[in-house]
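Before any comments, here is the structure.
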Amino acid sequence: MKKLAYCAIAAAFMATPGVVFAQAEAAEPYVGLSAGYHDLGADDDDTFDIDDTGAIFGVVAGVDFPIGQQVFAGVEGNYHFGTDAIDSEYGVAARLGIRTGENSKIFVRGGYQEVDLDLEAILDTELPDGFEDSDGDYLVGVGGEFGFGGSNASIRVGVDTIAFDSVRGTVGVVFGF
């Protein structure tokens, strides 16, 4: 199943350059601020009493390209620093969605996300120097951006999962230019 997901993501990224050249004049770049909550899902079976959640705060940046009147495709990157169980996380994703108004969008996304964990906080113990504490996998999610009338600012909401092991909800504001 992971291979299928990776192939789908790779196909989306390979298709993006064709869209870029065909729609270069209509590119819609954006940057934004994001905050959320990430549950890593490690304590789901209640076997261990660990805190595997953390607040995240960061930035997103990307570009969308129109494909017809309402459909768009794009690519975006993100970086967040975290609290508690999460030191930081970063990734890249392809987006595919529809416009629901003049400056509002609904989208699905898929990509790769790397999470740098604070294992000492999660396990409540000291670990040896050099202990590997990051992990990454495929990311899938849904989201929306809802504009303020004619302005270039939009409220952004999203829910993602990394390999269907974790749940991450985010809200933020993005600015198109």
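Between Ala35 and Glu114, the modelled label-to-label distance comes to 2.7 nm, taking each label 7 Å out from Cα in the direction of the beta carbon.
Taken one residue at a time, the phi angles of region 163-174 give Karplus couplings (6.51, -1.76, 1.60, θ = phi - 60°) of 6, 6, 9, 10, 10, 9, x, 9, 9, x, 10, 10 Hz. Gly and Pro are set to x.
Per-peptide packing, taken as the mean over residues of other Cβ atoms within 10 Å, places 74-83, 95-104 in the sequence 74-83, 95-104 from highest down. In this structure, Ala27 and Asp84 have a Cβ-Cβ separation that, at R0 = 45 Å, corresponds to a calculated FRET efficiency of about 0.75. In this calculation the C-beta distance from Ser104 to Phe57 is compared with R0 = 22 Å, giving a FRET efficiency of 0.35. Put a dot 7 Å past the Cα of Gln69, heading toward its Cβ, do the same for Phe177, and the two dots end up 3.2 nm apart.
Just so you know, all these numbers are worked out from the coordinates, no wet-lab data involved. None of the values given here were measured: they were computed from a predicted structure. Note: ideal-geometry Cβ built from the backbone for every residue, glycine included; neighbour counts use all protein chains shown.
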